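Here's the structure, in structure tokens; my notes come after.
The values are calculated or read from the model by the stated rules, or taken from the named source; none is laboratory data. Since the model is a prediction, treat every value here as computed from it, not as a measurement. Using ideal geometry, Cβ is built from the backbone for each residue, glycine included, and neighbour counts are taken over all protein chains shown. Side chains included, ligands, DNA and RNA excluded: accessible areas come from the protein's heavy atoms. Shrake-Rupley method; radii C 1.70, N 1.55, O 1.52, S 1.80 Å.
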Amino acid sequence: MATNVKSKLHSDRERWICIYPAYINSKKTLAQGRKVPKEKAVENPTHQEIRDVLVAAGMKVGVENKLYSREPSKELLFRGRIRVQLKNDDGTPFNSLYPTRDSLLFYLGDTIPKLKSRANKPSGSEQSQQQSNAGGKKKGKKR
């Protein structure tokens, strides 16, 4: 019985909420997994950026090498799931500034664009444009 009670504690890593970068990606549609309004979303966030912001906010964070089920690309760039402890064992918010998943997602959407690593980066659309042109398939008739 005692082990059953322990598995229900909010401090257990399995009970922490999951955050995939797609949840706050402005390039995704709601059907593709975005969970916040476009105005609150970030262009192509990475799991490292999410982790850095949450650690700086004093949250307990874990990184897992998982791929979001709605993500069509299997590239390493899109891998990564962040686990965050949202509540203490007694059910109170772990951080009173972010009592819900949505409040945490909105905070990420506000904070990630302000990161130093984003300050001098070209916009994601330019990068993806260059990548897609570089490895283009040849179109034409088969001989």
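Residues in segment 54-80 that are open to solvent by less than 30 Å² (accessible area, probe 1.4 Å) and hydrophobic (A, V, I, L, M, F, W, C): L54, A57, M59.
Determine, yes or no, whether N44 is assigned to a loop (DSSP other than H, G, I, E, B) and under 11 Å from the mean Cα position of the chain (by Cα).
Working: assigned to a loop (DSSP other than H, G, I, E, B): yes; under 11 Å from the mean Cα position of the chain (by Cα): yes.
Considered against the rule, which asks whether it is assigned to a loop (DSSP other than H, G, I, E, B) and under 11 Å from the mean Cα position of the chain (by Cα), N44 comes out as yes.
When D110 is tested against (1) surrounded by 18 or more Cβ atoms within 10 Å (Cβ to Cβ); (2) modelled with pLDDT of 90 or more, only condition (1) is not met.
Mind checking which residues of segment 81-91 are open to solvent by 60 Å² or more (accessible area, probe 1.4 Å) and more than 22 Å from the chain's Cα centre (by Cα)? Of everything in segment 81-91, those that are open to solvent by 60 Å² or more (accessible area, probe 1.4 Å) and more than 22 Å from the chain's Cα centre (by Cα) turn out to be D89, D90. Every condition in (1) without any contact (Cβ under 8 Å) to a residue 24 or more places away in the chain; (2) of a type in the set (S, T, N, Q); (3) touching a Lys or Arg at 6+ places or on another chain (Cβ under 8 Å) holds for S96 except the one numbered (3). Is it the case that segment 24-31 has a residue that's in a loop (DSSP other than H, G, I, E, B), among the aliphatic types (A, V, I, L, M) and open to solvent by 60 Å² or more (accessible area, probe 1.4 Å)? Yes - at least one qualifying residue is present in segment 24-31.
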